[in-house]
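In what follows, a structure is listed as structure tokens, so that the remarks can point back to it.
The values are calculated or read from the model by the stated rules, or taken from the named source; none is laboratory data. All values derive from a computational prediction rather than experimental measurement. Methodologically, a virtual Cβ is constructed for each residue, glycine included, from the backbone with ideal geometry; neighbour enumeration extends over all protein chains shown. These accessible areas exclude ligands, DNA and RNA; they are computed on the full protein's heavy atoms, side chains included. Shrake-Rupley method; radii C 1.70, N 1.55, O 1.52, S 1.80 Å.
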Amino acid sequence: MSVETPSHAPKSEVVALSPKAEPENPVRKACFGDQPAIFTDIYQDNINIAVWQNAISSSISEEAKQLLKNAANLKVVMTTDADNVVENLLEQSAELNAAPELCQHIALLVDMFCTLFELKRVGLRLTHLTHAMCPKFHVDKVPCRLVTTFTGNATEWLPNNVVDRTKLGFGGKGLPDNSSGVIRDLNHINQLAAGDVALLKGESWYNNEGGGIVHRSPSLSDNEQRLLLTLDFSD
Ligand SMILES: [Fe+2]
């Protein structure tokens, strides 16, 4: 299995990211599936990213594209329980009335996230982005974050065995990723696809210090845009 092309990995297969991990980094793996059941694998100690691939229909994708055209300033930031997601979304942004299937899909994701982690409420951000929000490789200081790009360039991430974690944050001395030394070979950068839903395990997950998935926002050229959803613990 090639680690460079995880989006094309066989369905429901756990992919070993390296046959020989560097000793300074704990071994972590990615897993991919074509059903949301793949999310339960995030509970395995050695998994730090679980991806439900191709999770949206073409009509949801089309609604997302239309939103980018018609809702240039779309930014929803709220906490919600799993029961009233669509109502809460529409209360935040009337423009979402034009995207009923997308709203239902978001409600499904909130319900899954709450069930998987036994949460009553989640922090939800739905944002129209025209620039890279977090352009440098980093780890999140959260237990676990759901990330999905409905349309546009999606999140980039690194297998744990190719990262020099001492070069993250201040260790990178302000240098760009391609010269900071955070990654030895740029060919090892992996990228999610639009429509993929990923659970990114963070540094605050129990016993996962030093094992949080290293990731960044994709760079966007002048006319590129993306519609991004993130869900976080909120209890
Ligand atoms: Fe992040």
- [ ] Return the total of residues in segment 196-235 being on the phi > 0 side of the Ramachandran plot and touching a strand residue (DSSP E or B) at 6+ places or on another chain (Cβ under 8 Å).
- [x] 0
Task: Qualifying positions in segment 28-45 - buried (at least 17 other Cβ atoms within 10 Å of the Cβ) and either out of contact with any strand residue (DSSP E or B) (no Cβ under 6 Å at 6 or more places or on another chain) or without any contact (Cβ under 8 Å) to a residue 24 or more places away in the chain (or both) - done: Lys29, Cys31, Gly33
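For segment 196-235, which fully contained strands (runs of 3 or more DSSP E) count at least 2 residues that are within 12 Å of the ligand (Cβ to nearest atom), within 28 Å of Ser57 (Cα to Cα) and of a type in the set (S, T, N, Q)?
Per the criteria, no element qualifies.
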Task: Residues that are more than 11 Å from the ligand (Cβ to nearest atom) and not in a loop (DSSP other than H, G, I, E, B), drawn from segment 135-160 - done: Cys144, Leu146, Thr148, Thr149, Phe150, Thr151, Leu158, Asn160
Open item on the list: I'd like to verify a number: residues in segment 181-197 that are open to solvent by less than 10 Å² (accessible area, probe 1.4 Å) and at pLDDT 95 or above, how many?
Closed with: 4
TODO: Scan Leu116, Leu158 and give me the residue that is under 15 Å from the mean Cα position of the chain (by Cα) and farther than 25 Å from Glu62 by Cα.
DONE: Leu158
TODO: Tell me, please, whether a residue that is under 24 Å from Tyr206 (Cα atoms), open to solvent by less than 30 Å² (accessible area, probe 1.4 Å), of a type in the set (Val, Ile, Thr) and in contact (Cβ under 8 Å) with a residue 24 or more places away in the chain can be found in segment 88-107.
DONE: no
TODO: Evaluate the following for Ala132: is it part of a loop (DSSP other than H, G, I, E, B), within 16 Å of the ligand (Cβ to nearest atom) and at pLDDT below 90?
DONE: yes
Open item on the list: open to solvent by 30 Å² or more (accessible area, probe 1.4 Å) and either charged (D, E, K, R) or in contact with a Lys or Arg (Cβ under 8 Å, 6 or more places away or on another chain) (or both): which single residue out of Leu220, Leu200 fits that description?
Closed with: Leu220
